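Asks: Below are the structure tokens for one structure; questions will follow.
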Amino acid sequence: MAGARTRTARLALVALICAGSAALSAAQEVGSQQAPTGRRLSDQLLKTYLSNPQLSAWADEYVARCGAIARKFVVGRAGSGAEIVGVEISDRPGAAEPEPSFKYVANMHGDETSGRMLLPMLAEWLCANNGKDPRATRLVRDAHLFLVPTMNPDGFAARWRGNKNGVDLNRNFPDAFVNRNWDLRQPLPNSQPETAAVMAWSLAHNFAASANMHEGAVVTNYPFDSYSDPRQRSGPNAAPEDATFRFLSHTYANKHAFMARSQEFPGGITNGADWYEIHGGMQDWNYLAAGTMELTLELSQDKYPAASRLPALWEENRDALLALAATAALGGVRGNVTAGGAPVAATLYVKPPSGYPGKPVPFYADKDFGFYARPLPPGRHTIVASAPGFEPAEAELSVPSDGSGAVANIALKRARAAKRGGERPAAAAAAVAAATPLAVLAAVPARAVAVSAGA
């Protein structure tokens with residue numbers, strides 16, 4: 001009996017020690033996320049993962065130091081009520097300007113975490129190097145850069161992939177190939193608060209391009225992520241602007257420390273469907289619904305990489321993050337669409353080559369300036385602009401290879417009135433058709449061909 005009591009006492013002691021050890025570990029983990037008293041949160045960006053409140057506090061701290069080029073904004077709220085916070089970087093943050101906008105969104109999956117620290121580091125680098133490094137100076141002066149470190153704060157807090165409801169946010173967007181009769185600009189009935197918030201925010205801005213940051217591989221992934229023809233089960237499903245997507249993907253991979261040397265993905269890039277098919281993804285939605293050319297960046301083989309890996313991840317990705325934003329925002333074509341000197345919120349598209357079987361995907365000029373921007377690879381291109389009541393107009397341009405981009409201002413003329421009892425002129429009908437993007441989306445071909453061989 002005494003032996004039994006001794007064994008029981010020993011087991012209780014072991015349990016107490018284990019419980020104390022677990023509590024200490026938890027305390028240390030929480031403590032590791034706290035910036036030491038008197039230290040700036042910016043000093044901790046490559047040392048630990050900031051908690052959600054700390055990430056918001058970092059944004060406040062950043063704007064206090066770099067307010068001449070930065071402002072904090074809120075995309076919306078997660079299911080728990082936590083704010084989805086971002087920072088905008090520009091020489092006139094918050095101002096409407098005829099300049100291109102680019103966005104990075106990270107931590108869409110709660111357990112894919114490196115981007116939530118790399119984006120604050122990118123902001124810090126731009127602040128520190130504006131006026132010193134030409135890359136920083138050009139982005140701040142000539143573009144608006146939007147950084148959202150975490151789209152899924154609840155998932156990060158829970159250390160799992162989905163949001164508070166366990167939903168994978170990268171399967172929660174309207175899908176042109178599945179929700180064929182759905183207005184892609186409207187959230188689905190099962191839309192999560194994070195998805196609806198990002199959709200509304202994205203549609204409220206005229207983003208030229210964007211990228212979302214993930215983990216589980218080291219590769220740049222580009223549209224389409226799925227097949228419109230259910231009979232197609234393998235191979236790439238190339239978007240109408242496949243050459244541009246490939247060019248942008250190579251831009252990131254080539255500037256990354258080693259992505260382009262991948263043994264699994266030639267050149268460090270892949271078509272999404274050719275890798276594995278998903279539906280309801282954010283990058284296809286951005287392209288087809290918002291007119292924004294988006295890539296998916298896979299930055300680490302390991303999900304939730306250890307905080308000790310953050311300095312290396314920053315060094316591996318810094319130049320690529322800068323190059324993609326500059327190339328996508330400023331290296332293609334930009335300009336203004338006007339009529340009689342007044343801005344026109346026109347619908348535009350890149351003219352496909354003769355014999356192309358499908359319809360192009362539209363993008364848009366803003367209402368304030370008639371300003372538009374579209375990434376394009378170096379070479380000759382034709383842009384078509386149209387709006388209801390105007391004749392379509394084309395602009396032929398040549399994009400240089402030095403990254404400076406091309407400027408193409410387009411002037412529209414009023415459409416001629418239809419003759420009594422006759423059909424409206426074909427040009428005016430084309431303008432109306434081009435101005436109804438959802439009709440165009442429905443006609444995206446099952447096996448779109450590449451515009452050219454790509455970069």
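Asks: Which of (1) closer than 21 Å to Pro378 by Cβ; (2) touching a Phe, Trp or Tyr at 6+ places or on another chain (Cβ under 9 Å); (3) at pLDDT 95 or above does His256 not meet, given it meets every other one?
Replies: The one condition His256 does not meet is (2).
Asks: Starting from residues that are of a type in the set (D, E, K, R) and in contact with a helix residue (DSSP H, G or I) (Cβ under 8 Å, 6 or more places away or on another chain), keep the ones in the stretch 165-183 and report whichever is surrounded by the most Cβ atoms within 10 Å (Cβ to Cβ).
Replies: This residue is Asp175.
Asks: Contact list please: Cβ distance under 6 Å, first residue in the stretch 261-281 and without any contact (Cβ under 8 Å) to a residue 60 or more places away in the chain, second residue among the polar types (S, T, N, Q) and assigned to a loop (DSSP other than H, G, I, E, B), pairs at least six apart or on different chains.
Replies: From the stretch 261-281, the pairs are Gly268/Ser262; Ala273/Ser226; Ala273/Asn237; Glu277/Ser226.
Asks: How many residues are assigned to a strand (DSSP E or B), closer than 22 Å to Asn237 by Cα and not charged (D, E, K, R) if we restrict to the stretch 358-395?
Replies: 1
Asks: Out of all the residues in the stretch 348-365, which are at pLDDT 85 or above and either surrounded by fewer than 19 Cβ atoms within 10 Å (Cβ to Cβ) or out of contact with any Phe, Trp or Tyr (no Cβ under 6 Å at 6 or more places or on another chain) (or both)?
Replies: Listed by number, the residues that qualify are Tyr349, Val350, Lys351, Val361, Phe363, Tyr364.
Asks: Give Arg318, Arg309, Arg334 a once-over and let me know the one that is on the phi < 0 side of the Ramachandran plot, surrounded by fewer than 19 Cβ atoms within 10 Å (Cβ to Cβ), more than 18 Å from the chain's Cα centre (by Cα) and not hydroxyl-bearing (Ser, Thr, Tyr).
Replies: After applying the criteria, what remains is Arg309.
Asks: Here is a further query. With among the small types (Gly, Ala, Ser) and surrounded by fewer than 18 Cβ atoms within 10 Å (Cβ to Cβ) as the only criterion, which of Gly155, Gly94, Gly162, Gly86 stands out?
Replies: After applying the criteria, what remains is Gly94.
Asks: Any residue in the stretch 164-182 that is of a type in the set (S, T, N, Q), without any contact (Cβ under 8 Å) to a residue 40 or more places away in the chain and in contact with a Leu (Cβ under 8 Å, 6 or more places away or on another chain)?
Replies: yes
The values are calculated or read from the model by the stated rules, or taken from the named source; none is laboratory data. What you see is a predicted model; the values in this text were computed from it and never measured. A quick note on method: Cβ atoms are made from the backbone with ideal geometry, for glycine too, and the neighbour counts reach across all protein chains shown.
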